[in-house]
Structures are given as C-alpha cells and as structure tokens.
Amino acid sequence: MAPRTLLVAAAQVGAVNRDADKEDTVQRMVNLLDNAISQKVQLVVFPETTFTTFFPRFLFEDASELEKYFEQGDDITGNEDVKPLFDLARSNSVDICVGYGERTEDGRGFNTCIYYSGHAGKILSKYRKVHLPGTSEPFPNPNAVNQLEKRYFKPGDLGFQAFRAPGLIPDTLKKGTTPADIKETLGKGDPILGMMICNDRRWPEAWRVYGLQGVELIMVGYNTPWWAPDLFGFRKPMSKDEAEKEAYYHHKLVMEANSYMNACYSISAARAGFDDGKYGLIGGSAIVSPNGYTIAQAKGIDDELVVAEIDFEDCRQGKEKTFDFDRHRRTEAYGLITSQTGVVEPKLLGDEAA
Ligand code: CDV
C-alpha cells in the first residue's frame with residue numbers, strides 16, 4: 001500500500017482593505033495556489049473570510065453594502081468573482097479549503113468554509129463556524145475595534161463533521177467501515193479531515209469531537225486581531241507589543257496543544273497584516289505535527305505559502321497509546337461538558353446548609 005504522506009500548505013493572505021476589489025483578492029489567492037502547484041503541493045488551506053476584508057469589524061447601516069462581503073448560495077464554486085480559484089484547483093487536481101461569508105438562499109448568514117476537491121471537481125464538505133466571538137451591538141467605546149460576528153452570522157448548524165478526501169493519496173485501502181471492519185481499517189484509507197474557523201480553535205470540545213472521529217488533519221482559517229482590548233479584556237493594561245506577543249502565543253499554544261491531545265496534524269492559515277493600514281491581524285500561519293510541534297511557520301504578515309510534508313502514520317502513536325480514547329477515556333466523568341453551558345461554582349464555604 002502507498003505511504004500515507006501528503007505535501008500540504010497554509011496560504012497566508014496579507015492585508016485586504018475594506019474597499020479592495022474582490023477580483024484582485026482572488027487573483028492574489030490564485031497566485032498563492034499557482035505557487036503551491038509549482039511545488040507539487042496537494043492540499044492548500046486559505047484563511048477565514050478570505051475573499052474580503054474581515055468585515056465584522058464594521059457596522060454597516062446600508063444592507064446592500066453589507067451584501068458585497070457575502071457569497072450567495074449553497075455552492076459558490078461557480079460564482080463569477082471566485083470561480084477562477086476553483087477552476088485552477090480542478091484543472092490541477094489540487095484540493096483547497098477556503099473561508100467566506102455565506103448568504104443562504106433563505107437569507108441566513110454564516111461564517112463558512114468549504115473543502116473543494118480538485119480531484120472530484122466538487123465541494124466535499126462544508127463547515128459553518130460554531131463559536132462566534134464578539135457582540136451583536138457595537139462596543140460603547142467609540143474607539144474600539146468591533147467584532148460583530150454575532151450580528152452578521154448565525155452559529156454554525158452543521159456540527160463538526162469529519163470526512164475523507166478521496167484522491168489525495170493514490171491507492172489507499174478501500175474497505176467498508178462496518179463495526180467488524182473498523183479495527184482493521186484504523187489508520188488506513190483516504191485521510192480523515194476536519195475544518196474549524198478561527199475562534200473554534202480555542203475550544204477543546206471542537207477538537208475532541210473531531211478526535212472522536214479519528215481525525216488526522218484539522219484545517220483552520222483565522223483573522224486574529226493582535227490589539228483588541230475591548231475583546232480580550234486584559235486585566236492589566238498592556239502595551240501593543242505585549243498584546244501582539246500574547247496573541248501569537250495563544251494561537252501557537254492552542255494549535256500545538258490540541259493537535260497533540262487529538263494526535264492529529266493541523267494547518268492554520270491567517271488573514272494577516274494591517275487592513276486599511278491600521279487594523280492589525282497576526283500572521284503565524286503554521287503546520288503542526290500530531291506530537292504538538294510546529295513543523296513550518298510563516299515568517300511575515302504578507303501573502304506567503306507555508307509548506308510541509310506530513311505523514312499520517314505519525315498520528316498512530318498518539319492514537320494508539322497516550323490518547324487511545326477507547327481504552328482511556330472516562331465518559332462517566334464528563335457529563336457537565338454537554339449538560340451545562342456556563343460556569344456553576346461550588347457553594348462558598350460555610351454556606352453548605354443553604
Ligand atoms: N475571527 C475570530 O474568530 N477571531 C477571534 C478573536 C476575536 C478572539 C480569534 O479567536 O482569534
């Protein structure tokens with residue numbers, strides 16, 4: 001059987017201004033994809049809402065202006081302005097994951113990403129962001145940078161569905177997955193993939209739901225501001241330099257820790273740079289191994305391709321030993337995870353009788 005290796009890339013996209021022409025932005029993405037194709041990369045991950053600036057930072061009074069930032073319909077791959085990206089992927093049999101603002105036919109908005117298989121020439125899976133950060137109304141502080149995701153998007157309604165990507169690795173084992181087959185096919189066949197969007201990566205529940213489906217590679221696009229005191233709420237005032245360092249630190253921390261704890265690779269792709277010359281977004285696009293090491297990382301905050309070869313065999317050690325869920329998980333102790341949303345603290349000492 002062929003080795004289960006793959007050449008993958010995070011396509012980091014630098015500043016995209018509020019008035020950027022979508023055609024120009026798509027051309028930049030096409031250039032990144034072209035570069036990946038010339039290096040024989042097989043799978044490329046693009047950021048969250050890549051086709052436009054990160055528009056939830058703005059309050060739009062004019063609905064028609066807001067609509068410019070959304071892609072319409074269920075399958076966007078034929079939409080005129082973004083089609084060149086999918087055409088290039090299909091004609092070169094390269095798979096891509098890309099994020100965008102989705103407007104459904106019944107008018108709902110989602111922060112969405114799709115996995116488009118260049119081999120199959122179609123969308124294989126869609127994910128809608130579950131953990132929407134920010135607020136519905138602008139912050140009272142008129143100088144704050146807003147994050148109006150709760151205003152423009154509904155929480156994702158598709159869950160965390162892992163899927164296999166056929167064609168990425170030739171000659172992989174094709175076998176049924178009846179319960180009897182399952183043990184025998186673990187770690188074989190077409191790779192098992194999952195998608196998240198930005199803030200989702202900070203939530204271990206999201207990773208674990210994928211982990212329970214045997215995920216081998218998680219793809220995450222993000223827009224992470226490095227200076228947003230109204231959002232992050234630092235206890236002590238921080239300088240902009242300290243805040244930037246911390247934003248990078250937390251990004252790396254969650255990608256490395258969750259990849260390790262679920263014994264999977266991860267690829268994270270940033271929309272980075274200074275949109276409109278002033279809204280700073282971190283770079284740090286990276287590829288992380290199942291052992292929790294960053295194996296490739298962006299150097300700057302501009303358009304940049306981060307490439308690494310990955311070997312899915314490296315997921316087996318964690319999945320079969322430290323994180324063999326079947327043998328070591330204790331679901332009887334985890335009830336609160338799904339029965340309770342917010343925090344309920346134990347009673348204060350001395351109040352036991354109350
Ligand atoms: N686009 C995002 O989801 N950004 C969040 C910020 C707002 C915390 C993030 O997790 O990076």
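The values are calculated or read from the model by the stated rules, or taken from the named source; none is laboratory data. Just so you know, these numbers come straight off a predicted model, no measurement behind them. Here Cβ is always computed from backbone atoms with ideal geometry, including for glycine, and neighbour counts include all displayed protein chains. For accessibility, only protein heavy atoms count, side chains too; no ligands or nucleic acids. Shrake-Rupley method; radii C 1.70, N 1.55, O 1.52, S 1.80 Å.
Counting only the Cα atoms, the range 93-147 fills a convex hull of 102 Å³ per residue. Computed with a 1.4 Å probe over protein heavy atoms only, the accessible area of residue 30 comes to about 20 Å².
The coefficient of translational diffusion for the range 267-312, derived via Stokes-Einstein from the alpha carbon Kirkwood radius under 25 °C and 0.890 mPa s, stands at 214 µm²/s.
The range 94-175: which GluC sites (Glu not before Pro) are DSSP loop and have at most 15 other beta-carbon atoms within 10 angstrom?
105
What FRET efficiency, computed as 1/(1 + (r/R0)^6) with R0 = 41 Å and r the Cβ-Cβ distance, is obtained for residue 141 and residue 184, rounded to the nearest 0.05? Let's see the in-between values first.
On the way: r = 58 Å, r/R0 = 1.43.
Rounded to the nearest 0.05, the efficiency is 0.10.
For the range 16-24, the Karplus equation 6.51 cos²θ - 1.76 cosθ + 1.60, evaluated at θ = phi - 60°, returns couplings of 10, 6, 4, 9, 4, 6, 4, 4, 5 Hz by residue, with Gly and Pro reported as x. From the backbone phi of the range 161-169, what are the Karplus-calculated ³J(HN,Hα) couplings (6.51 cos²θ - 1.76 cosθ + 1.60, θ = phi - 60°) in whole Hz, Gly and Pro given as x? With the stated coefficients, the range 161-169 comes to 9, 6, 8, 9, 10, x, x, 5, 10 Hz.
Our coupling estimate for the range 281-292, obtained by passing each phi through the Karplus curve with A = 6.51, B = -1.76, C = 1.60 and θ = phi - 60°, is 10, 5, x, x, 3, 8, 10, 10, 8, x, 8, x Hz, Gly and Pro reported as x. Would you be so kind as to identify which of 243, 215, 280 lies farthest towards the positive end of the dipole of the chain, taking Lys and Arg as +1 and Asp and Glu as -1 on Cβ and the Cα centre as origin? Highest projection toward the positive end goes to 215.
With all protein chains present and a 1.4 Å probe, how do 341, 49 order by accessible area, largest first?
Details: 341 150, 49 0 Å².
Sorted descending by solvent-accessible area, the residues read 341, 49.
P(r) tail for the range 1-149: Cα pairs beyond 20 Å make up 51% of the total. Just how far, in whole angstrom, is the range 31-108 from the range 192-250 if you go by their alpha carbon centroids? The two parts, judged by their Cα centres, are 21 Å apart.
Do any GluC sites (Glu not before Pro) in the range 267-354 lie in a loop, going by DSSP, with at most 15 other beta-carbon atoms within 10 Å of their beta carbon, and if so which? For GluC sites (Glu not before Pro) across the range 267-354 that sit outside H, G, I, E and B with at most 15 neighbouring Cβ atoms in 10 Å, the list reads 352.
Filter the chymotrypsin sites (Phe, Trp or Tyr not before Pro) in the range 1-90 to those in DSSP coil with at most 16 other Cβ atoms within 10 Å of their Cβ, and list the result.
Numbers: sites: 51, 54, 58, 60, 69, 70, 86; in loops: 51, 54, 58, 60, 69.
Sites meeting the loop and neighbour criteria: 60.
When you restrict to C-alpha pairs under 8 Å that are six or more residues apart and normalise by the size of the chain, the relative contact order lands at 21 percent. Rounded to the nearest angstrom and listed largest first, the equivalent-ellipsoid semi-axes of the range 189-304 from its Cα gyration tensor are 27, 15, 12.
Which shape class applies to the chain: rounded if a/c is under 1.5, otherwise prolate when a/b exceeds b/c and oblate if not, where a ≥ b ≥ c are the square roots of the Cα gyration tensor eigenvalues?
On the way: a/c = 1.58, a/b = 1.06, b/c = 1.50.
Taking the square roots of the gyration eigenvalues as a ≥ b ≥ c, the chain is oblate.
Coordinate range of the alpha-carbon atoms in the range 244-324 per principal axis, descending: 48, 24, 13 Å. Across all directions, the shadow cast by the convex hull of the range 50-115 built on its C-alpha atoms averages 4.7 square nanometres.
Rounded if a/c is under 1.5, else prolate if a/b beats b/c, else oblate: with a ≥ b ≥ c from the C-alpha gyration tensor eigenvalues square-rooted, which is the range 297-344? It would help to have the intermediate numbers written out before the result.
Details: a/c = 5.48, a/b = 1.54, b/c = 3.57.
It is oblate, given that a/c is not under 1.5 and a/b is not larger than b/c.
Would you mind getting the Kirkwood hydrodynamic radius of the range 24-87 from its Cα pairs, rounded to one decimal in Å? Each step should come with its number before you reach the end.
Details: mean 1/r = 0.0744 Å⁻¹.
By the Kirkwood definition, the hydrodynamic radius is 13.4 Å.
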